[in-house]
Amino acid sequence: MAEGARFLAAAWREAASFAGLVVCPALLHGEDAWGMVDRLRKAQVPTLRVDPRTYASVSLCHSSPDDPVERLPAAARQGILAIFRQRWEPLPDRLRRNDLWIGVESVRTPGNFGTMLRGGDAVGASGVIVFDRSEAGTPTGPDPYDPAVVRATMGSLFAHRLIRTTHRDFRRWAGRSEISAIGATPEAATDYRSITYRRPVLLMMGDERAGLSDGQRGSCDRLVRIPMVGSPDSLNLAMAGTLMLYEAYNQRHPVARRER
């Protein structure tokens, strides 16, 4: 689910699969919001119109339906909420020369996951590969469709291709796909800025506390570190991921420097 005209506009631009729409006319304001309702109506998306009390009960803010409208959180006063069909795809048969993927197995905080997806969208990343620890096909990885994650992406979720796989299947695929999996860990000897990202790359990001799992390490071709000269022994996961994403972007889009 996603709430608010801004999120729904991002989903519409990326051709997300709308399964349903909840609208509260009494709360809905602005041409953009009403324009989105009209576009989805013309696209024959099932729409349910409700009063403010009912809308508060289904809002992602989990507001109390007994609260008066003026006391509802801002997000719960937007008056428009959509339900989406999840879109997952298999590992691709072919990679583009500039493919850039984010790999995750465990992310404890929805805000970190969402921020990382937003950073990936900012640099034009291809998508996210979610690794399941179980080889039996049972989903165990983080859920990019968690409403809290969707909210933290500020709509960027819909720009990503999403893949769910196991380390075993990924390694088989990577062996014939010429993708380089690079993992970040504090004990690595190689500076993350000293290697090339000018080829298909997967940036493997570990758990906020435990770091890279054994499975993630086994799927990586290179381990790198982000240098730190102060007292912290690690960086926030979303910050570390964004640094690596922008290093890849900078190498692929160098800035012409003027001579002084």
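Numbers for the structure displayed
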| read-out | value |
| --- | --- |
| The listed residue being in contact (Cβ under 8 Å) with a residue 12 or more places away in the chain and either surrounded by 16 or more Cβ atoms within 10 Å (Cβ to Cβ) or within 10 Å of the chain's Cα centre (by Cα) (or both), out of ALA189, ALA181 | ALA181 |
| Condition broken by CYS61, with the remaining ones in (1) at pLDDT 95 or above; (2) in the same structural domain as ALA11 (by TED's automatic domain parsing) satisfied | (1) |
| Boolean, ALA19 is outside any loop (DSSP other than H, G, I, E, B), modelled with pLDDT of 95 or more and more than 30 Å from GLU178 (Cβ to Cβ) | yes |
| 3 or more residues of a type outside the set (Val, Ile, Thr) and either closer than 16 Å to THR242 by Cα or modelled with pLDDT of 95 or more (or both): qualifying strands (runs of 3 or more DSSP E) within segment 70-159 | 100-104 |
| Some residue of segment 197-212 being among the acidic types (Asp, Glu), assigned to a strand (DSSP E or B), touching a residue at least 12 places away in the same chain (Cβ under 8 Å) and not assigned by TED's automatic domain parsing to the domain that holds ALA10 | yes |
| Failed item in (1) surrounded by fewer than 16 Cβ atoms within 10 Å (Cβ to Cβ); (2) part of a helix (DSSP H, G or I), with ASP233 passing the rest | (2) |
| Only one of VAL22, VAL50 that is closer than 14 Å to GLN78 by Cα and over 27 Å from the mean Cα position of the chain (by Cα) | VAL50 |
| Criterion: crowded, with 18+ Cβ neighbours inside 10 Å and among the hydroxyl-bearing types (Ser, Thr, Tyr) - qualifying residue of THR109, THR115 | THR115 |
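The values are calculated or read from the model by the stated rules, or taken from the named source; none is laboratory data. What you see is a predicted model, and the numbers here were worked out from it, not measured in a lab. Cβ atoms come from the backbone with ideal geometry, glycine included; neighbour counts cover every protein chain shown.
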